[in-house]
Amino acid sequence: MDALGVARGAEAPWRGMSAEELEMQYSPSRWVVRLGAEEALRNYTRMGTEATRKARASGRSLLHVPYGEGPGEQLDVYFPDGAPAALPFFVFFHGGYWQSGSKNTSAFMVNPLTARGVAVVVVAYDIAPKGTLDLMVEQVTRSVAFVQKRYPCNEGIYLCGHSAGAHLAAMMLLANWTQHGVTPNLKGLFLVSGIYDLEPLLYTSQNAPLRLTLEDARRNSPQLQLGTTRKQPVCPACRTLVTVGQHDSPEFHRQSREFFQALCLRGWDASFEEIRDVDHFEIIEHLTQMDFALTQIILKTIFPEP
């Protein structure tokens, strides 16, 4: 163990699990306490679809904006009413284990954030099996560079990802922005119930469509890559919040805490929050609510009290 208690590879507790236990730990729907697993997934998609419909019907938006040349490289931008020229931008990457989900069912947070003067961007990327993980990371990087170039007078870009999307957002801490000709004005990251060491997934059914090799998993694991890079934050003021739901699995809790610890150990401005009384899906579903704990944390980060 290192000084902050981060387990090194050979000591990681997942290595001692049976195949059945490992599959259970990395199946978020099986930890839901309010519904059955299948119903929880259906409810999540239903709520996301309805939230997106409301967001598109209630305000100013630019939909299906291409940020690259591929047909899957599109994003939606939702603006506050009467927006000034300079705005903070909240950029969201959906979850779905890199193999499901869509920007068209992921606009949960749009109405609460735009009501407070935040522009919201929801990003699409090519999910597996069409997209490889390397491609997804590259696409997400390009989407952030696109937002910065399109809106250079922004008052800060705040990245947020859920589950697989949290992994993609975390990889932006390691991005080579020089290759994209711009340094984004990153002010904050909100990593929600994510996975930051991908190696355990190699031994679960989740890897069937991903087809990750051990090399792929290690190259795309921010937990591991942080330990091999001397890269410092793009902006010293960029804050990273690592958060997990109370009813996420023990492995999701461990991954979140250890990634938070790795960030702190290497000098990043990071904090950790367990959101009470929510599972892996409710933690995002409840972002439709202005008074939800995570919604308030996001808003107070973007608009700190004087």
- Message: Taking the Cα centre as origin and putting +1 on Lys and Arg beta-carbons and -1 on Asp and Glu beta-carbons, what dipole magnitude results for region 158-306, to the nearest 20 debye?
- Response: 720
- Query: Among PRO80, PRO71, PRO209, which one moves the most in a GNM of the chain with springs linking Cα atoms closer than 10 Å?
  - Reply: PRO71
- Message: Can you tell me what share of the DSSP beta bridges in the chain is antiparallel? A percent to the nearest 5 is fine.
- Response: 25
- Item | At 0.692 mPa s and 37 °C, Stokes diffusion of region 197-287 via Kirkwood alpha-carbon radius, µm² per second | 224
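Would region 106-265 count as rounded, prolate or oblate if I go by the C-alpha gyration tensor, calling it rounded below 1.5 in a/c and otherwise prolate when a/b exceeds b/c, oblate otherwise?
Rounded is the answer for region 106-265, as its axis ratio a/c remains below 1.5.
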- Message: Can you give the FRET efficiency to the nearest 0.05 for GLU21 and THR49, using r as the Cβ-Cβ distance and R₀ = 35 Å?
- Response: 0.55
- Once Rh is set to the Kirkwood radius over Cα pairs, what Stokes-Einstein translational diffusion coefficient, in µm²/s, holds for region 43-179 at a temperature of 37 °C and a viscosity of 0.692 mPa s? 221
- Task: Would you work out if region 32-119 is rounded, prolate or oblate? Take a ≥ b ≥ c from the square roots of the eigenvalues of the alpha-carbon gyration tensor; rounded if a/c is under 1.5, else prolate when a/b is larger than b/c, oblate otherwise.
- Result: oblate
- Item | Using θ = phi - 60° and Karplus 6.51 cos²θ - 1.76 cosθ + 1.60, couplings along region 288-304 (whole Hz; Gly, Pro as x) | 6, 9, 4, 8, 5, 4, 6, 4, 5, 4, 4, 5, 6, 6, 6, 10, x
- By how many degrees, between 0 and 90 and to the nearest 10, does the Cα long axis of helix 250-265 differ from the longest principal axis of the chain? 70
- Computed log₁₀ I(q)/I(0) - Debye formula, equal Cα scatterers, no solvent, region 84-143, q 0.21, 0.24, 0.26 Å⁻¹: -0.82, -0.95, -1.04
- Over region 1-108, what is the relative contact order in whole percent, taking alpha-carbon pairs under 8 Å and six or more residues apart? 24
- In region 6-66, the trypsin sites (Lys or Arg not before Pro) that sit in a DSSP loop and have at most 13 other Cβ atoms within 10 Å of their own Cβ are ARG8, ARG34
- Message: If I stretch the segment between THR213 and ASP269 completely, what's the gain in nm (0.36 nm per residue apart, minus their alpha carbon distance), one decimal?
- Response: 17.0 nm
- Item | Length released on extending from ILE297 to LEU62, taking residue separation times 0.36 nm less the Cα-Cα span | 82.0 nm
- Task: Please list, in chain and number order, the residues 5+ apart from GLN99 or on another chain whose amide H is under 5 Å from its amide H, with Hs placed from the backbone.
- Result: ALA128
- Message: Report D for the chain in µm² per second (integer): Stokes-Einstein, Kirkwood Rh on Cα pairs, 25 °C, 0.890 mPa s.
- Response: 127
- Task: Return the carbon/sulfur percentage of the accessible area of region 212-306, one whole number, probe 1.4 Å, all protein chains in place.
- Result: 50
- Please turn the phi angles of region 33-50 into ³J(HN,Hα) values with the Karplus equation 6.51 cos²θ - 1.76 cosθ + 1.60 (θ = phi - 60°), one per residue in order, whole Hz, x for glycine and proline. 9, 9, 9, x, 4, 5, 5, 4, 5, 5, 5, 4, 5, 5, 5, x, 5, 5
- Query: Under the Karplus relation 6.51 cos²θ - 1.76 cosθ + 1.60, θ = phi - 60°, what is the ordered set of whole-Hz ³J(HN,Hα) values for region 147-154, x standing for Gly and Pro?
  - Reply: 4, 5, 5, 6, 10, x, 8, 4
- Can you pick out the pairs among LYS149/LYS300; LYS54/LYS103; LYS130/LYS187 whose Cα atoms lie more than 24 Å from each other? LYS149/LYS300; LYS130/LYS187
- Item | Dipole magnitude of the chain about its Cα centre (Cβ charges: Lys, Arg +1; Asp, Glu -1), debye to nearest 20 | 800
- With a/c under 1.5 counting as rounded, go ahead and sort region 246-306 into rounded, prolate or oblate using the C-alpha gyration tensor (a ≥ b ≥ c being the square roots of the eigenvalues; past the cut-off, prolate if a/b is larger than b/c, else oblate). oblate
- Pull up all non-local amide H partners of LEU186: gap of 5 or more, or a different chain, and H-to-H distance under 5 Å with H placed in the peptide plane. ILE157
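The values are calculated or read from the model by the stated rules, or taken from the named source; none is laboratory data. Owing to the predicted nature of the structure, the values given are computational and were not obtained by experimental measurement. Virtual Cβ from ideal backbone geometry, glycine too; neighbours counted across all protein chains shown. The area values use the complete protein model at the heavy-atom level, side chains included, leaving out ligands, DNA and RNA. Shrake-Rupley method; radii C 1.70, N 1.55, O 1.52, S 1.80 Å.
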